[in-house]
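Colleague: I have a structure I would like to understand better, so I am pasting it below and will then ask my questions one at a time.
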Amino acid sequence: MQKKQLLLLGAAVIMLVALYAFGRTVPSHKGHDHAHAPAANAAGDGQAIAEANFDDLLKKAKSRIPADKITLVEGLEHAVVRGDVHHQQIVVYKQLAAVWDTLREQPISTYYLGEAAKLENSEKSLTFAATSFLNHMDHVQDPTVAKWMMNNATELLKQANKLNPANNEVKLQLAQLLVSSSTPMEGISMLLQMAEEDPNNMDVQMMLGNFAITSGQFDKAIERMNKVLEKQPDNPKALFLLAEAYKNKGDIEKAKQTLIACRKLIKDPALAAEIDEYIKEIH
């Protein structure tokens, strides 16, 4: 991944690390208090990205592996026929996940890990499987596969959230994914509710500020980022987003000053160089 991509927000993969990397946001249109969310499921030409089909992915994966491994996989696929089917199916799904993992077919491996987690129905297994999907998404080149993985992670986190609605970490992850889905307002509503319940949750304020920029609500973004910086004055992500809000609002001098302050906090030389270049581009 080129360093410049770390400054981009909008693609599904980047969306998942929005709290841990910078987002160079581009306003789509103005609206009322997050009435519009960024459409991360839209392709560059404005067309919606299709979702990959698991059966197709499985067929292609099988075409790449040795014959003896196909025999092993297909034997496991038909292993559960009687008895304690529920428990046996969990075991078999985990075995399939392990086999496909050794074959370096991560989307397939993670799918079976997710299927086992759904049957186990424990918060720990569901969040672990969802995290596996999200971790592997960054290595996927095909956007249709990335979308499929994102949707699988979303389904798993929804199930985990039902089991424990008090887990704000899961809720925050789920909200991030929903904002990137075909139902973005569901995610925005979750974030707004979390912000109302705990105004000092800076991760939530960061996300809402980020989304405010993408929907053209620069004053709202500035308000939220200043709230974060009151608590965390040396937060480079908040400074970057504040600068972006100033820039899009047309206050170029404040944008540059804020970016310079952000730049001083960056330890990664390559990312620091990107910000230096970005400062030069602003006019």
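The values are calculated or read from the model by the stated rules, or taken from the named source; none is laboratory data. All of these numbers come straight from a predicted model, not from anything done at the bench. Heads up, the Cβs are rebuilt from the backbone with ideal geometry, glycines too, and the neighbour counts pull from every protein chain shown. These area figures cover heavy atoms from the full protein model, side chains too; ligands, DNA and RNA do not enter into them. Shrake-Rupley method; radii C 1.70, N 1.55, O 1.52, S 1.80 Å.
Colleague: Can you give me the number of residues within region 203-226 that are of a type outside the set (S, T, N, Q), closer than 23 Å to Val170 by Cα and touching a residue at least 24 places away in the same chain (Cβ under 8 Å)?
Modeller: Summing the residues that are of a type outside the set (S, T, N, Q), closer than 23 Å to Val170 by Cα and touching a residue at least 24 places away in the same chain (Cβ under 8 Å) in region 203-226 gives 8.
Colleague: Continuing with the same structure: Determine the pairs where a residue that is within 21 Å of Gln106 (Cα to Cα), located within region 118-130, has a partner that is of a type in the set (Phe, Trp, Tyr) with Cβ atoms under 8 Å apart, the partner being 6 or more residues away or on another chain.
Modeller: Note: pairs meeting the criteria are Leu119/Tyr93.
Colleague: Within region 238-255, can you find the residues that are crowded, with 23+ Cβ neighbours inside 10 Å and touching a residue at least 40 places away in the same chain (Cβ under 8 Å)?
Modeller: Phe240, Leu241, Glu244
Colleague: Considering Ile188, Ile222, Ile260, which residue is surrounded by fewer than 16 Cβ atoms within 10 Å (Cβ to Cβ), part of a helix (DSSP H, G or I) and of a type outside the set (D, E, K, R)?
Modeller: On the way: Ile188 fails: surrounded by fewer than 16 Cβ atoms within 10 Å (Cβ to Cβ); Ile222 fails: surrounded by fewer than 16 Cβ atoms within 10 Å (Cβ to Cβ).
Going through Ile188, Ile222, Ile260 in turn, the sole match is Ile260.
Colleague: Of everything in region 49-88 that's under 24 Å from Asn152 (Cα atoms) and among the polar types (S, T, N, Q), which residue is surrounded by the most Cβ atoms within 10 Å (Cβ to Cβ)?
Modeller: The extreme case among them is Gln88.
Colleague: Given the condition more than 30 Å from Gly114 (Cβ to Cβ) and not in a helix (DSSP H, G or I), answer yes or no: does some residue in region 237-247 qualify?
Modeller: No - not one qualifying residue is present in region 237-247.
Colleague: If you take the residues of region 263-283 that are open to solvent by 50 Å² or more (accessible area, probe 1.4 Å) and assigned to a helix (DSSP H, G or I), which of them is farthest from Phe211 (Cα to Cα)?
Modeller: Looking at the filtered set, the residue picked out is Pro269.
Colleague: One residue is enough: does region 81-93 have a residue meeting the conditions more than 29 Å from the chain's Cα centre (by Cα) and of a type in the set (Lys, Arg)?
Modeller: The answer is yes; a qualifying residue exists.
Colleague: Does Asn235 count as within 15 Å of Phe211 (Cα to Cα) and surrounded by 14 or more Cβ atoms within 10 Å (Cβ to Cβ)?
Modeller: The answer is no for Asn235.
Colleague: Based on what the data block shows, is Ile213 in a helix (DSSP H, G or I), modelled with pLDDT under 95, over 24 Å from Leu157 (Cβ atoms) and touching a Leu at 6+ places or on another chain (Cβ under 8 Å)? Steps first, answer last, please.
Modeller: On the way: in a helix (DSSP H, G or I): yes; modelled with pLDDT under 95: yes; over 24 Å from Leu157 (Cβ atoms): yes; touching a Leu at 6+ places or on another chain (Cβ under 8 Å): yes.
Against the criterion (in a helix (DSSP H, G or I), modelled with pLDDT under 95, over 24 Å from Leu157 (Cβ atoms) and touching a Leu at 6+ places or on another chain (Cβ under 8 Å)), Ile213 qualifies.
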